[in-house]
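Following: one structure in structure tokens, then a few remarks.
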Amino acid sequence: AQSVAQPEDQVNVAEGNPLTVKCTYSVSGNPYLFWYVQYPNRGLQFLLKYITGDNLVKGSYGFEAEFNKSQTSFHLKKPSALVSDSALYFCAAYSGYSTLTFGKGTMLLVSP
Amino acid sequence: NAGVTQTPKFRVLKTGQSMTLLCAQDMNHEYMYWYRQDPGMGLRLIHYSVGEGTTAKGEVPDGYNVSRLKKQNFLLGLESAAPSQTSVYFCASSYSRTGPNTGELFFGEGSRLTVL
């Protein structure tokens, strides 16, 4: 069975500082990895994905994520956080032969 | 372009009552999904459909039924609501499992259901 772990319930960062939201996965075969963002009282929005190729994936709103096969990780990063980045972030994965499995989410709080 | 639309957005039920949540998408997507979101639990898949006339069970299907009579609509039914079904329900749709858009789900705004 596939699984996704987001070890931090909440990440706090000051505006202008770099941010990292952690994700590890367990998927049979080659993983398809995703990050989604949820703003208050809204549905999830797709941010970025890794299917194959370059381990550093760039997505919307200046976010990027690094795929590390040996550590089975797919951490979300941004060089300079904005207050408007405050939201709930979900990592998700699947193997291509099943449905998407989501992590439990990490709340990102960016302080002014 | 409305994307994925869910109705109703809010509903309060008494234990034992029934109701149906409607999801409509206008993107001609083949795949549709129903998730529930609970604090500390993330999103859990209830049922999904890979095309018109098909449905399949997800991670937490008990107490729910679904139908996909038309490609653009995916209905989630609760036959006899229980307090444990108090949650926020999200519908999503996607093109397919393969191709450049693999795994990109488009979500509705959510339906908040309270069962007393």
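Assorted remarks:
- Between the range B:39-116 and the range A:8-68, the alpha-carbon centres lie 23 Å apart.
- Per residue solvent-accessible surface (Å²) - chain A, probe of 1.4 Å: 48
- Distance (nanometres) between label positions extended 7 Å along Cα→Cβ at B:Asn28 and A:Asp9: 4.6
- Across every pair of non-identical alpha carbons in chain A, the mean reciprocal distance, once inverted, gives a Kirkwood radius of 14.0 Å.
- Length-normalised contact order for the range B:1-87 - Cα pairs under 8 Å, 6+ apart - percent: 31
- Highest-MSF residue in chain B out of B:Gly40, B:Gly53, B:Gly103 [GNM, Cα springs under 10 Å]: B:Gly40
- Compactness index (Cα Rg / 2.2 N^0.38 Å), the protein assembly as shown: 1.01
- Extent along principal axes [Cα atoms of the range A:49-112; Å; largest to smallest]: 42, 25, 21
- Percent of C-alpha pairs per 10 Å bin, chain B, short to long: 15, 49, 30, 6, 0
- Carbon/sulfur fraction of accessible area - the protein assembly as shown, other protein chains in place, 1.4 Å, %: 52
- Span per principal axis, largest first, for the Cα atoms of the range B:51-116 (Å): 43, 23, 21
The values are calculated or read from the model by the stated rules, or taken from the named source; none is laboratory data. Quick caveat, the model's predicted, so the values are computed rather than measured. Please note: Cβ atoms are built from the backbone with ideal geometry, for glycine as well, and neighbour counts cover all protein chains shown. What goes into the accessible areas is simple: the full protein's heavy atoms, side chains included, and nothing from ligands, DNA or RNA. Shrake-Rupley method; radii C 1.70, N 1.55, O 1.52, S 1.80 Å.
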